[in-house]
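For reference, the structure is listed below as C-alpha cells.
The values are calculated or read from the model by the stated rules, or taken from the named source; none is laboratory data. Predicted, not measured: the structure shown is a model, and the values here were computed from it. Please note: Cβ atoms are built from the backbone with ideal geometry, for glycine as well, and neighbour counts cover all protein chains shown.
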Amino acid sequence: MIQVKRSELVFQGSSATDVFDLTPQVRDFVKQSNIREGQLVVFVPGSTAAVTTIEYETGVIEDLVRAIEKLFPSDIPYQHNLRWGDGNGYSHVRAAFLKASLTIPVSEGNMILGTWQQIVLLDFDNRPRRRRVILHLMGNP
C-alpha cells in the first residue's frame with residue numbers, strides 16, 4: 001500500500017548566492033519515514049531559489065557560484081528590474097534555469113545518490129529570505 005510522507009525544512013538566506021547542503025536532513029527524513037521503495041520530491045516554493053545536486057565541497061561550491069554569475073550576471077540590465085525596481089531580475093532567471101524541484105529514487109530505505117552527490121538549495125535573491133523546502137515522499141514500506 002502506497003504511503004505519503006511530507007516534511008518541511010527552513011533556511012535563512014543572505015543577500016548573496018547561498019548554497020545549503022540539505023542532504024543530512026533529507027536523509028534523516030527518508031530514514032524516519034519507514035518507506036523502503038519510492039520517490040522523493042524536493043521542492044522549493046518561490047521564483048528566486050532552486051534545488052539541485054552537486055558535490056558539496058568548498059572548491060566546487062565556489063566554482064558553481066562563479067559559473068552561475070558568468071552565465072546569469074547580476075550586473076546587467078533586466079526588464080524585471082525596470083518593471084518592479086527590486087533589482088533581482090537575475091535571481092529569477094537563475095532559478096528558472098536551475099529549477100525548483102528534484103526527484104530522487106528511494107530503494108531499500110535509502111536515497112539513490114552518487115558517492116559525491118549531495119542535495120543543495122540555492123538561494124539567489126538579493127535580500128535575505130526565509131526559504132522553505134518541501135519534502136514529499138511516496139512509496140511502499
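A few remarks follow.
- Within segment 22-47, tally of residues that are out of contact with any helix residue (DSSP H, G or I) (no Cβ under 8 Å at 6 or more places or on another chain) and under 19 Å from Pro128 (Cβ atoms): 3
- Flag for Val60 being surrounded by fewer than 16 Cβ atoms within 10 Å (Cβ to Cβ), of a type in the set (Val, Ile, Thr), within 20 Å of Leu9 (Cα to Cα) and at pLDDT 95 or above: no
- Here Val26 passes the criteria (1) closer than 19 Å to Arg94 by Cβ; (2) touching a residue at least 24 places away in the same chain (Cβ under 8 Å); (3) not in a strand (DSSP E or B) except the one numbered (1).
- Candidate set: segment 102-133, residues that are surrounded by 12 or more Cβ atoms within 10 Å (Cβ to Cβ), touching a strand residue (DSSP E or B) at 6+ places or on another chain (Cβ under 7 Å) and polar (S, T, N, Q); chosen: the one farthest from Thr23 (Cα to Cα): Gln117
- Given (1) more than 14 Å from Asp21 (Cβ to Cβ); (2) in contact with a His (Cβ under 9 Å, 6 or more places away or on another chain); (3) buried (at least 16 other Cβ atoms within 10 Å of the Cβ); (4) in contact (Cβ under 8 Å) with a residue 60 or more places away in the chain, index of the condition Gly38 fails: (2)
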